[in-house]
1. In whole angstrom, how long is each semi-axis of the equivalent ellipsoid of the chain, when you take the square root of 5 times every eigenvalue of its Cα gyration tensor and sort them from largest down?
2. Tell me, what is the percent relative contact order of the chain, built from C-alpha pairs under 8 Å that lie six or more residues apart?
3. With the Cα gyration tensor of region 49-98 in hand, give its eigenvalues times 5 under a square root as the equivalent ellipsoid semi-axes, listed largest first in whole angstrom.
4. Suppose the chain between Thr95 and Asp20 were pulled fully straight at 0.36 nm per residue; how much longer would it get relative to their current alpha carbon spacing?
5. Give me the number: length gained by fully extending Val86 to Asp68, i.e. 0.36 nm times residue separation minus the C-alpha to C-alpha distance, one decimal in nm.
6. Taking amide hydrogens as modeled 1.01 Å from N in the peptide plane, which residues meet the under 5 Å criterion relative to Tyr71, leaving out close sequence neighbours?
Amino acid sequence: MTDDDRQFCALAAGLDVVGDLWSMLLIRELLVAPADEDGLLDGIPGMDRALLCDRLDWLRANGVVEGDGEYRLTPLGRGLDGTLTVLARWGRGCTTQD
């Protein structure tokens, strides 16, 4: 898909903002409660601080996360709650398949 095509596809536009694993896991953590960097790193094993800061900067720049020191979801970010719930339910089904 070219950049010109993306402007006509809402799914592609959304995935451009939150479609990578680390961003989704950050959003999952922040749906539970606001957190600082250490709290986020504790909740996401395998994520290092540089990657965390990169993703937080990206999500802030795109209006999903706010804060500096303690991070929380914006109303736009909180709007992903149902989406992540459905995706997690779907993912559980994937892990039980042969």
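1. 22, 19, 13
2. It comes to 25 percent, rounded to a whole number.
3. The equivalent ellipsoid of region 49-98 has semi-axes of 27, 14, 8 Å.
4. Contour length minus Cα-Cα distance gives 25.1 nm.
5. Computed gain between Val86 and Asp68 is 3.5 nm.
6. Ala35, Asp36
Values in this text are rule-based calculations from the coordinates and carry no lab data. None of the values given here were measured: they were computed from a predicted structure.
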